[in-house]
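Here's the structure we're looking at; comments come further down.
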Amino acid sequence: MRTLVLEMGQLWNQPGWDGEVHCDMINPDKRSMWFKNRTEAPVDGVLFLDLANRPIQRYAGVLDRVNYGDMGVYLGRGVGGGSLVNGGMAVVPDRAYFEQVLPQVDAAEMYSRFFPLANRVLRVNHIPQPYFEGSEYYRFSRLSRTVAGRAGYGTTFVPNVYSFDYMAREERGEVPKSALATEVMYGNNHGKVSLDKSYLADAVGTGNVTIAPLHQVVRIEPEGTGYALTVREITPDGELVAEKRLTCGHLFLGAGSLGTTELLLRARDTGALPALSAEIGESWGPNGNVMIARGNHLTEPTGFQQSSIPVLAITADDVLAEIAPVPAGIETYVSLYLAITKNPERGRFVYDAAADKAVLQWTRAQAAPGLEAAKAVFDRINDANGTTYRYDVFGSRRAFADDFCYHPLGGCVLGRATDVYGRVKGYRNLYVTDGSLIPGSLGVNPFVTITALAERNAARVLAEDFTS
Ligand SMILES: Cc1cc2nc3c(=O)[nH]c(=O)nc-3n(C[C@H](O)[C@H](O)[C@H](O)COP(=O)(O)OP(=O)(O)OC[C@H]3O[C@@H](n4cnc5c(N)ncnc54)[C@H](O)[C@@H]3O)c2cc1C
């Protein structure tokens, strides 16, 4: 089927001034962030030195942080979306929790057919144990396993879409370094199979799919049995090239929890698509994300060389705490964790007509259940090891960061704002395919589930909606 993919970010395939497509985390430049004056990495420094964040030129960089009062949401911008900037952790959720979160979905079919399919196409692989145990670049993970073990907690390996074969060759000096050269959050130049190299490459390979980068959809209206879109094309420096009107028979929204929800809220509340459900905007959550920094004893260094790809997580009741790197290039003795908690609090998006934007209603107090769950785990780890938190990592002298997330979920929830296959209620030939379908929490990193759900919904929609 002839398909046009509209993406507001860049197609990341052109080398910059240094011969690389992406910049690393230690020396970020304009390629790092989406139209910011200064980088906004979550780790703001160590020992109160501003190691991480610095002024940059405004540009269509690859990572965005959208700030709404008490919650900042990190997003990927570019052909491949979040897969360009994410940690690549490819985790299938615990089945019982998946059934609780999405009871309308046939879990047996998901676990036997669509999760394996998504894992295959995404090219998920596992770190070989001998490599993990022997590599200097995973000293930080092994140390966190030891300190968690002293508190009675176990750990589990986390699969990834970064090629561990490539990583081993990086360490042997056979290929250019990427994960082992502090690349991840502003993109990986090598090693990672992001969506532009898997699903989107396959799609373009059919000859039926065209991708239009730097094209932002701003408005959707009905047109015949399909839709008309108002689209703004910009240059990488942000200048308007053209405003276009494009039409289509079927419209699939994959702009993510924030993007899809905003487009539909705007369409409903400006009267362009007035029959959209009152459920649009509801049931948003940050997947219970909390980041934690703790310090280790001087006799237990974390290593100054750290792989940017996390591969191990601490498992506790209702908390999965991924052991994240601090690739500062110096010994910091800091252990960093991304805890995914099952915080049941939900926010909502509302349309602000004056600003023509969706605004998130989420308060700091709503983060508290996630924070308490994470704190219980790390208090116990600190007690068992005689260690303490580190207050010099996130800025504002906090050891926990519960005011940002990497995993925005919800806003157009499956079975509520859409039918159980992502068809938007109130209109025909209009679909949602992204993380907005999942109501706020999943217990694990979400991209494999988003992919598997998209596979499931597409299979049904192709069979039923494209018959004539
Ligand atoms: C730093 C970071 C680390 C992460 N690590 C992991 C991890 O290890 N494992 C994991 O599972 N998840 C991880 N995630 C989360 C994961 O990347 C997201 O859950 C996932 O990418 C969401 O997929 P999506 O399809 O819902 O939306 P997205 O991936 O956000 O894709 C939406 C795309 O639509 C574009 N867009 C938005 N609005 C418009 C518009 N109006 N017009 C045109 N284009 C538009 C965006 O630019 C974007 O490219 C991480 C995220 C971040 C930011």
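The values are calculated or read from the model by the stated rules, or taken from the named source; none is laboratory data. Values in this document were obtained by computation on a predicted structure and should not be read as measured data. Cβ: placed from backbone, ideal geometry, glycine included. Neighbour counts: every protein chain shown. Remember, those area values only see protein heavy atoms, side chains included, never the ligands or the DNA or RNA. Shrake-Rupley method; radii C 1.70, N 1.55, O 1.52, S 1.80 Å.
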* Pairing the Cα long axis of helix 368-385 with the longest principal axis of the chain, what angle in degrees results, from 0 to 90 and rounded to the nearest 10? -> 20 degrees
* What net charge do the residues around Ser277 carry, taking every other residue with its C-beta under 12 Å from that of Ser277, with Lys and Arg at +1 and Asp and Glu at -1? -> +1
* Using only helices, what value at 222 nm comes out for the chain when you add -39,500 (n - 2.57) per DSSP H run of length 4 or more and divide by the total residues, to the nearest 500 deg cm²/dmol? -> -6500 deg cm²/dmol
* **Carbon/sulfur fraction of accessible area - the chain, other protein chains in place, 1.4 Å, %** => 52 percent
* To do: Leaving out ligands and nucleic acids, note down the accessible area per residue over the chain with a 1.4 angstrom probe, in whole Å².
  => 40 Å²
* What is the magnitude of the charge dipole of the chain about its Cα centre, with +1 placed on the Cβ of each Lys and Arg, -1 on the Cβ of each Asp and Glu, and no other charges, expressed in debye to the nearest 20? -> 220 debye
* Of the cross-linked pairs Lys177/Lys357; Lys192/Lys425; Lys30/Lys192; Lys192/Lys357; Lys375/Lys425; Lys177/Lys244, which ones have a Cα-Cα span greater than 30 Å in the structure shown? -> Lys177/Lys357; Lys192/Lys425; Lys192/Lys357; Lys375/Lys425; Lys177/Lys244
* Structure fact -> Candidate cut points under trypsin sites (Lys or Arg not before Pro) in the range 361-427, DSSP loop plus at most 11 other Cβ atoms within 10 Å of their own Cβ, are Arg397
* To do: Please identify the longest segment of the chain free of exposed GluC sites (Glu not before Pro), where exposed means a DSSP state other than H, G, I, E or B and no more than 12 other Cβ atoms within 10 Å.
  => 240-468
* Asked: Which one of Ala96, Leu430, Leu200 has its Cα pushed farthest toward the positive end of the charge dipole of the chain, where Lys and Arg give +1 and Asp and Glu give -1 at the Cβ?
  -> Leu430
* Asked: Kirkwood hydrodynamic radius (Cα pairs, Å) of the range 40-188?
  -> 18.6 Å
